[in-house]
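Computed from the coordinates by the stated procedures, all read-outs in this text should not be read as laboratory data. Quantities reported herein were computed from a predicted structural model and do not represent experimental measurements. In this analysis, Cβ positions are derived from the backbone assuming ideal geometry, glycine residues included, and neighbour counts consider all displayed protein chains.
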Amino acid sequence: MNKAWATRLLPAAVLLAGGCAAWRLWGEIPVSTGPAAAAVPEASEERRKAALFHSDLGPDTVDVSSYPAARRRDYEVYARACSRCHTLARSINAPFVNRAWWEFYIARMRVRAGFHGETLTKKEIKAVLEFLQHDDQTRKLGRPEEFEAQQRELKRRFEAALDERMERLQKQPLPRL
Ligand code: HEC
């Protein structure tokens, strides 16, 4: 491996490994026994095939009708900024419930958005963070049993979607090496 590659890959690897470890340590809300899985609408076949995270299979809008006007405006910014590369479902159903976590992830997304030639302004980032923080308090920490049941159901469906994909792959002829 030449040096230029090493200098690019190493920070990426450290960030990725750190992110994964941290998700496990603090990212998820504590599991408690809740009611049976909440009624979550089934994701379309297209989304099931493309899902990379369990969160991709959940709802891709938030009902903000009861949120304060300022947070409803922030939601507009968030919905635009955070659905450019993946559906909004990925962050709506992510297990993060902490502003520091969102800051970390948005920094990551910013690097990616930068690669696409579109950077978020400081004002946009603040709006996104304000929305996510309020949404965490209301929908995730505010109704923990419902949110946890939904998380479990989405994880179960994600496993099933992966099995489906594996079966399809196994039916395909092996590529010639
Ligand atoms: C330029 C493209 C792009 C934009 C814009 C973008 N994302 Fe992402 N996002 C990605 C990619 C690629 C991944 C998967 C790889 C990864 O996690 O690094 C991802 C993954 C995620 C994840 C999964 C977490 C994980 O473990 O990696 C979350 C949560 C997320 N994005 C939230 C957001 C939020 C919130 C915004 C808006 C501020 C946003 N994204 C905007 C490209 C983008």
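Odds and ends about this structure:
- In order along the range 107-114, the Karplus-derived 3J(HN,Hα) couplings, from 6.51 cos²θ - 1.76 cosθ + 1.60 at θ = phi - 60°, round to 4, 4, 5, 5, 4, 5, 4, x Hz, and Gly and Pro are given as x.
- Pairs of alpha carbons in the range 127-177 whose separation is greater than 14 Å (percent): 70
- Order by protection proxy (mean Cβ within 10 Å, highest first), peptides 72-81, 153-162: 72-81, 153-162
- Restricting attention to the range 63-177, lysine pairs at least eight places apart or on different chains and with alpha-carbon atoms under 25 angstrom apart total 4.
- Reference-scaled alpha-carbon Rg (2.2 N^0.38 Å with N residues) for the range 63-177: 1.32
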